[in-house]
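The values are calculated or read from the model by the stated rules, or taken from the named source; none is laboratory data. This structure is a prediction, so every number in the text was calculated from the model and none was measured. Counting neighbours? That spans all protein chains shown, and the Cβs are built from the backbone with ideal geometry, glycine included. All accessible areas refer to the heavy atoms of the entire protein, side chains included, with ligands and DNA or RNA removed. Shrake-Rupley method; radii C 1.70, N 1.55, O 1.52, S 1.80 Å.
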Amino acid sequence: MPAPYRSAAAGLIAAAALALTLAACSEHEPQPTSQAEPKQSLIRFVAAEYSTETKANLEKLVHEFELKNPDIIVELQVANWNVLDGIYTAMISRNQPPDLLNTNVYAHFAKAGILNDFSEIASPELLAKFYPNLSGMDSIEGKQYAIPYVASIRSLYYNKKLFETAGIAKPPATWSELEASARKIAASGRARGFGVDLTDDEVQAYLSYFFYGSGGEWIKDGKWNINSPANVEALSYLKRLFDEGLTDEEPTVTTRDEKQRIMGDGKLGMMISGNYFSSVVPREFPGFEWGKGPIPVRDGQQPISFGVQDVLVSFKTAHTDPVAIGKFLDFLYDDANYEDMVKREGFIPVTEPVGRSLSAADPQMTGAIAALSTAKFYPVQEPAWQAVLDKTRKMGDAVLYDHLSPKAALDQLQAFAVTRSEAYASEP
């Protein structure tokens, strides 16, 4: 081979050897890699504050969940009912609605098309746990726009010592007995007779107790029936109790929780509240002796039971992760977790497994759950209910302090409800 060719060949061989050497070395050296960032799902959860224990309990649950699910972040915000509406309304207006909201209304959101269908998010196992009569109220046209969260049955609670002092043998079951009992307690000079909550918190509840107790209702045959004669009689009765000094002094100022404390302190004879009364009030007033009776009804009417359920709704968001939300719901409603929460807050469980567990330990829970199956409820499936509720909250002062007669107030509320329902019906 001529020298020039030998020289070129040698160069090629040397270059090849160098390439092989570099390749061999590179096998043992770490190579730069491009790894994708681990995906983290976000759940914004806005919850209502039921007691001083609510926030700490939910924070503990969220912390435990995040430890088990590091790929899911839960942003928890616990708010008092007095500011809850303003918080989630502001979030919606900023186009950052909560992924989960604990509330007591949902139909207007469903009508607006901004809610997720829980049948596409919650596990079949969870959906099967709920009492059917409760979850049925949270469904519209086959879509599960809400799921039950907690429930309560309302009853008349009374101060046993005040009843004994006033010579009252048993809790009143009728309006005439309620009036007579309130009059005896007031005459004793030791306390006010009957607590009435017409504040923003509970005005709709007290109207419901007396509407239904009078044989009336909010809706009849699918139409608003707010200004019916039975309902006018009910509101007139409440006003007369106030005018005659048989209620607490400030029905439109002191809330249910405040009245419970006034009652625990011995300054109020009786009031209507939820079954959580038996957990919350004795805890704050250990020496308090209380009793429970039915919601009084108009003389000649059949007894009623009235229930309230709060729900969870899930708004459609840009980051909605159905799998993550489903996991969190399974954890939130895990039998042990949910039973602990219900016991702490004094509610009736909305899931059958926890209902069976608590009933086995407490016969009164058996009765409360049974009462839920036949109870009257708010008309939560009506899209106009939220607007009607807001309007109702403004009428307490007007009625009690003679700005409006009971009939005029209910006529106005009826007209408003009809107008809002017609507006919803005209929307596509």
Report summary line: CD proxy, 222 nm, the chain: helix-only mean residue ellipticity via -39,500 (n - 2.57) per DSSP H run with n ≥ 4, per residue, nearest 500, stands at -14500 deg cm²/dmol
Report task. Express in whole angstrom the spacing between the alpha-carbon centres of region 149-197 and region 211-262. Result -> 16 Å
Query raised in the report: Mind checking the angle between helix 363-372 and the chain's longest principal axis? C-alpha axes, 0 to 90 degrees, to the nearest 10.
Result: 90 degrees
Query raised in the report: How large, in percent, is the carbon and sulfur part of the accessible surface of region 61-117 at a probe radius of 1.4 Å?
Result: 52 percent
Report task. For the chain, report the accessible area per residue in Å² (1.4 Å probe, heavy atoms, rounded to an integer). Result -> 47 Å²
Query raised in the report: What is the Cα centroid distance between region 72-132 and region 286-343, reported in whole angstrom?
Result: 14 Å
Query raised in the report: Quick one: with all protein chains in place, what share of the accessible area of region 257-360 is carbon or sulfur, to the nearest percent (1.4 Å probe)?
Result: 50 percent
Query raised in the report: Quick one: ranking Met137, Met341 by accessible area, 1.4 Å probe, largest first, what do you get?
Result: Met137, Met341
Requested in this report: Would you work out the charge dipole size for region 286-340 about its Cα centre, treating the Cβ of every Lys and Arg as +1 and the Cβ of every Asp and Glu as -1, and quote it to the nearest 20 debye?
Outcome: 340 debye
Report summary line: For Lys267, counting only aspartates and glutamates whose alpha-carbon sits under 17 Å away and dropping same-chain residues fewer than eight positions off, the answer is Glu164, Asp197, Asp248, Glu249, Glu250, Asp257, Glu258, Glu284, Glu289
Report task. Quick one: P(r) of region 82-126 from all Cα-Cα pairs, 5 Å bins, percents rounded to integers, in order of increasing distance. Result -> 5, 17, 27, 27, 14, 7, 3
Report summary line: Residue span Ala425 to Lys407: 0.36 nm per residue of separation minus Cα-Cα distance leaves a gain in nm of 3.8 nm
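Given axes a ≥ b ≥ c from the Cα gyration tensor, I'd like to know whether region 184-323 is rounded (a/c under 1.5), prolate (a/b larger than b/c) or oblate.
oblate
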**Report entry** With Cα atoms, 0 to 90° folded angle of helix 54-68 axis to the chain main axis
**Finding:** 20 degrees
Query - Mean Cβ count within 10 Å, highest first, over the residues of peptides 49-59, 322-332, 356-366 - result: 322-332, 49-59, 356-366
Query raised in the report: Which of the lysines could a cross-linker bridge to Lys220, judged by Cα under 23 Å and excluding same-chain residues fewer than eight apart?
Result: Lys111, Lys376, Lys391, Lys407
Query raised in the report: Relative contact order of region 217-369: what whole-number percent is it, with Cα pairs under 8 angstrom and at least 6 residues apart?
Result: 14 percent
Requested in this report: Enumerate the amide H contacts of Phe306 below 5 Å, restricted to partners 5 or more residues apart or on another chain; note that Pro and chain-start residues carry no placed amide H.
Outcome: Arg154, Lys376
Query raised in the report: If r is the Cβ-Cβ distance from Glu177 to Leu67 and R0 is 45 Å, what FRET efficiency results, to the nearest 0.05?
Result: 0.25
**Report entry** Inter-label distance, nm, simple model (7 Å from Cα along the C-beta direction), Asp265/Gln96
**Finding:** 4.0 nm
**Report entry** Angle between the chain longest axis and helix 3-26 axis [Cα atoms, degrees, rounded to 10]
**Finding:** 30 degrees
Requested in this report: Would you please give the residues with an amide H less than 5 Å from that of Trp218, counting only those at least 5 places away or on a separate chain, with H modeled from the backbone geometry?
Outcome: none
Query raised in the report: Size of the dipole of region 122-219 about the Cα centre, Lys and Arg at +1 and Asp and Glu at -1 on the beta carbon, nothing else charged, in debye to 20?
Result: 620 debye
Query raised in the report: Relative contact order for the chain: what is it in percent, counting Cα pairs under 8 Å that are at least 6 residues apart?
Result: 24 percent
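In nm, what is the difference between 0.36 nm times the number of residues separating Asp340 and Glu141 and their Cα-Cα distance?
68.3 nm
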Query raised in the report: In whole percent, what relative contact order does region 367-428 give with Cα contacts below 8 Å and a gap of six or more residues?
Result: 37 percent
**Report entry** Sequence of Lys160, Lys239 when ordered by accessible area, the most exposed leading, probe 1.4 angstrom
**Finding:** Lys160, Lys239
Query - Calculated from backbone phi, Karplus (6.51, -1.76, 1.60) coupling profile of region 210-219 in Hz, x at Gly/Pro - result: 8, 4, 5, x, 9, x, x, 5, 7, 10
